[in-house]
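Enquirer: Before I ask anything, here is the structure I am working with.
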Amino acid sequence: MQLRFYLLAGIVVLAACSGEDEPTTASSSSVASSSSSGSGGSGTGGATTSSSSTSSTGGSGGMAAFTVTSSSFAEGMEIPVRHTCDGTNVSPPLSWTGVPAGTMSFAVIHHDLTITFLHSAIWDIPSARSSLPENVANVAEPPEVAGAKQCPSWQANTIGYNGPCPPNQHDYAFDVYALDVATLPNVTTTSSLSEVETEVLAHSLGMARLSGTYTP
């Protein structure tokens, strides 16, 4: 009987020790799971940031960035004389891709980066378009771009495009804006360039820039 008593006591003790291992193991799993979950959270956060960045420049995840190019000159290169006051002063051809989602129209603002000076603007370019031809007419509503509008350039007697005309080397930009409205409000073809720029910036979904230099 005494031996049986000791044997039973031993079994109870072993059972109790075995039961203590389970919460310890569970606790370790919980810590590992938390660490794993934390790493996963960081990874997810990174993916979201990356997707958001792509979305803001290209419209939606997986799309290329909003970019503009010209068959006349490459990014950062010399702007051909024909697009300046030393030549025939015709507007350069422009093409854009990677348009942001929700774009309802486009605007193009041409300005001097060296002295922060506006040269010309064209807006209400239909969202179906992805380019502008060379030599857009210098009129308030150019026939080459149905629906588009232009205002007086930096020289009030010229409507629409008016290119580089510096005393020495300057840098210039052609900024294409994707807009959230089909018709830009609060401006007309008699508005100033600064007034047009203010409205363009207020309705911008994204901007693509082509820059170049010109030395007379």
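The values are calculated or read from the model by the stated rules, or taken from the named source; none is laboratory data. Keep in mind that this is a model prediction, so the values were computed, not measured. Methodologically, a virtual Cβ is constructed for each residue, glycine included, from the backbone with ideal geometry; neighbour enumeration extends over all protein chains shown.
Enquirer: Keeping to segment 52-111, report how many residues are on the phi < 0 side of the Ramachandran plot, assigned to a loop (DSSP other than H, G, I, E, B) and at pLDDT 95 or above.
Expert: 25
Enquirer: Identify all residues within segment 193-203 that are over 22 Å from P93 (Cα atoms) and surrounded by 15 or more Cβ atoms within 10 Å (Cβ to Cβ); write none if there are none.
Expert: Matches in segment 193-203: E195, E199, H203.
Enquirer: Right, next: Being surrounded by 14 or more Cβ atoms within 10 Å (Cβ to Cβ) and over 24 Å from the mean Cα position of the chain (by Cα) narrows it down to one residue among G163, G206; which is it?
Expert: It is G163.
Enquirer: In segment 133-147, is there at least one residue being crowded, with 21+ Cβ neighbours inside 10 Å and polar (S, T, N, Q)?
Expert: No: zero hits.
Enquirer: Here is a check on your reading of the model: is I122 more than 30 Å from P185 (Cβ to Cβ) and surrounded by 20 or more Cβ atoms within 10 Å (Cβ to Cβ)?
Expert: So I122 fails the test.
Enquirer: Just one of A208, A137, A156 is closer than 25 Å to P80 by Cα, touching a Gly at 6+ places or on another chain (Cβ under 8 Å), part of a loop (DSSP other than H, G, I, E, B) and of a type in the set (A, V, I, L, M, F, W, C); which is it?
Expert: Every option except A137 fails the conditions.
Enquirer: Right, next: Could you grab me the full set of residues in segment 186-204 that are without any contact (Cβ under 8 Å) to a residue 40 or more places away in the chain, among the β-branched types (V, I, T) and part of a helix (DSSP H, G or I)?
Expert: The answer is T198, and nothing else.
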